[in-house]
Amino acid sequence: MRGLFVTIEGIDRSGKTTQARMLCEALGDEALAVREPGGTAVGERVRELLKDPAVEIGPRAEALLFAAARAELVARVIRPALEAGRVVVSDRFLDSSLAYQGGARGLGVEEVARINEWATGGLVPDLTILLAIDPRAAAERAGERDRFEDEGSALQEAVLATYERLAAAAPERWRHVDAARAPEAVHSEVLAAVEEARSRVVGGAPA
Ligand code: TYD
């Protein structure tokens, strides 16, 4: 049996967490929600470290910590669930590292892709939703700020530009969704994209 691997990407406050939750509720028991960084004992500890503004971390160490959390999540949670035929919905995945560390932090998308390919054993999502929203509109939404948001809108602009570039390079995997709308409207489009990907991937129809 082969499940479906869906990832949700976007800048900070694009509504990923809300959309991941709504999608999992709509899919019911077959869905498994995971979040990055996190989802395992190692991942949650790494998450605390990465989100703590009092801890200074260089860009290379930062990229490796995200990759370490991801390696653990893939091996212990995502692969077993896919093998059991479930729909895994991940709130961020490797494209976050490509966009934040590779693009915005300037490490280079190719380099960051390389360490992540090693970390995940080459696992690539079947479908990646890009929740696209203008960084200024996103910044006006409520929520707790973290170290990335503290760096301001230039970082978020660079993240979004890298996402757009990644999506343009692999249009069969990515789905661009306008996230500057009511959560319900965004959700319908996300759900439709998942159903379409499911018939393509799980239904075994030729791509
Ligand atoms: P996230 O938990 O999505 O933040 P929030 O729930 O507060 O929106 O992600 C935390 C931060 O980590 C976010 O600013 C994006 C960043 N991040 C990376 O820089 N690289 C990565 O690989 C991942 C997964 C997240």
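Across segment 8-23, what is the total count of residues that are part of a helix (DSSP H, G or I) and either within 13 Å of the ligand (Cβ to nearest atom) or buried (at least 20 other Cβ atoms within 10 Å of the Cβ) (or both)? Qualifying residue count for the region: 7. On inspection, A41 does not qualify as surrounded by 14 or more Cβ atoms within 10 Å (Cβ to Cβ), more than 16 Å from A161 (Cα to Cα) and small (G, A, S). One residue stands out in segment 86-108 among those that are closer than 12 Å to V6 by Cα and of a type in the set (K, R): the one that is nearest to the ligand (Cβ to nearest atom), namely R92. Residue under question is R79, and the condition is that it be within 10 Å of the ligand (Cβ to nearest atom), in a helix (DSSP H, G or I), basic (K, R) and in contact (Cβ under 8 Å) with a residue 12 or more places away in the chain; does it hold? For R79, the condition - within 10 Å of the ligand (Cβ to nearest atom), in a helix (DSSP H, G or I), basic (K, R) and in contact (Cβ under 8 Å) with a residue 12 or more places away in the chain - is not met.
Every number here is computed from the coordinates shown, using simple stated rules; none is lab data. Computed from a predicted model, the values in this text were never measured in an experiment. Here the Cβ is made from the backbone with ideal geometry for all residues, glycine too, and neighbour counts use every protein chain on show.
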